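So the structure is just underneath, and the comments pick up after that.
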Amino acid sequence: GTISMCAVVASTVQTKDSNYLGAIAGLNGAGGTIINCYAFLTKLVRIDSPAKAIGGITQQNNGTVQYCHTYRCTFTGGSADTDGILAGGNAPSYCYYYTTSSISNNYNNARTDADFNGGFVCYMLNSDQELPVWGQFLGSQLYPVFGGNRVYYGYENCADDAVAHYSNSVLYEVK
């Protein structure tokens, strides 16, 4: 099956002695797809199972996970394999997370608070998608959401000293 455009916001997802724990799905089975989903300010908690991992989107991915993010989620009681997107299985594509919890970075998709706030993550989440799904009002929204203001990357002008940046305004393309 497919899970698309799903958000878990300011929630607690908790399990006791379960094999899988993730904000969107514990296990994404073979042939399954999780696409364009996110978790924000969500607590993922294991009780009495410290030897098992936690995944921010899904713990185990045997299918496809694309264009997802977790922002400011916390992870408690998981093993060393706990990760902001997924703890094991097939690598995610265009997925990013930011947390202050001490967790592993299994797929090198950790980003800074500034990457989320400044438009980088929003811009990357829309990469290679036919139509933009993600938007963010830069300067007031801390993280990408469904719809909203599109984020562009480029230059304000064509001057030699122009610096590329993220903006809600259309920019000249990157040189």
Would you pick out the residues in the stretch 71-86 that are open to solvent by less than 20 Å² (accessible area, probe 1.4 Å), in contact with a Leu (Cβ under 9 Å, 6 or more places away or on another chain) and outside any loop (DSSP other than H, G, I, E, B)? Tyr71
For the stretch 8-56 the number of residues that are of a type in the set (S, T, N, Q), crowded, with 18+ Cβ neighbours inside 10 Å and part of a strand (DSSP E or B) is 2
Residues that are within 21 Å of Ala7 (Cα to Cα) and open to solvent by 60 Å² or more (accessible area, probe 1.4 Å), drawn from the stretch 87-114: Ala91, Tyr94, Thr100, Arg111, Thr112
Options Ala114, Ala87: the member that is farther than 20 Å from Arg46 by Cα and either more than 13 Å from the chain's Cα centre (by Cα) or of a type in the set (Lys, Arg) (or both): Ala114
Any chance Asn149 is at pLDDT 95 or above, touching a strand residue (DSSP E or B) at 6+ places or on another chain (Cβ under 9 Å) and more than 29 Å from Ala53 (Cβ to Cβ): yes
Does any residue in the stretch 21-38 that is closer than 23 Å to Val145 by Cα and of a type in the set (A, V, I, L, M, F, W, C) come within less than 7 Å, Cβ to Cβ, of a residue that is at pLDDT below 95 and open to solvent by 30 Å² or more (accessible area, probe 1.4 Å) six or more places away or on a different chain, and which pairs are these? none
Return the residues of the stretch 70-86 that are closer than 21 Å to Met5 by Cα and either touching an Asp or Glu at 6+ places or on another chain (Cβ under 6 Å) or of a type in the set (Ser, Thr, Tyr) (or both); say none if nothing qualifies. Thr70, Tyr71
Given the conditions (1) in a strand (DSSP E or B); (2) closer than 17 Å to Val9 by Cα; (3) not small (Gly, Ala, Ser), which single one is not true for Gln60? (2)
Any idea which of (1) closer than 17 Å to Val121 by Cα; (2) under 11 Å from the mean Cα position of the chain (by Cα) is the one Leu41 doesn't satisfy? (2)
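The values are calculated or read from the model by the stated rules, or taken from the named source; none is laboratory data. Please read all numbers here as calculations on a predicted model, not as lab measurements. Counting neighbours? That spans all protein chains shown, and the Cβs are built from the backbone with ideal geometry, glycine included. Remember, those area values only see protein heavy atoms, side chains included, never the ligands or the DNA or RNA. Shrake-Rupley method; radii C 1.70, N 1.55, O 1.52, S 1.80 Å.
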